[in-house]
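FYI, it's all coordinate maths here, none of it is from the lab. No experiment lies behind these values; they were computed from the predicted model shown. Glycine also receives a Cβ, built like all others from the backbone with ideal geometry; neighbour counts cover every protein chain displayed.
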Amino acid sequence: MDQHVAKVRGTDAGLLLAEETELPDEVAYLLTWYYELAGNGNLTFSEIQSWSNLKKTFPEPFEVDALMTLDRLRRVAEYETLKKETNN
C-alpha cells in the first residue's frame, strides 16, 4: 500500500522507503487480514464481523479501526490515481 501511495503522489523517496521497510511483526498481521477482507467495494463492519466469525478470529476494536483506516487509504490512493489519469 505504501508503494502505491508513494507512486500516486510521485515521491521517489517514499517509494524507496516503502521498498526497503518491512512491517514489524506486531502489525504485519493487520495487512494480512486486510488482504483477506479487501474486495472491490468499501470495507464494512458487517464484512469484518462475518470474516471474524468464519475465521474464528476476533479483532480488538483498535484492530477494526486499523482495518477501516487501511481501506480508506486504499480508496484515497485509487481516487488520486483515477484523478491523475483523467487529467492526463
How far apart, in nm, are the 7 Å Cα→Cβ label points at residue 68 and residue 85? 2.9 nm
Given labels modelled 7 Å from the Cα in the Cβ direction, how far is it in nm from residue 52 to residue 78? 2.3 nm
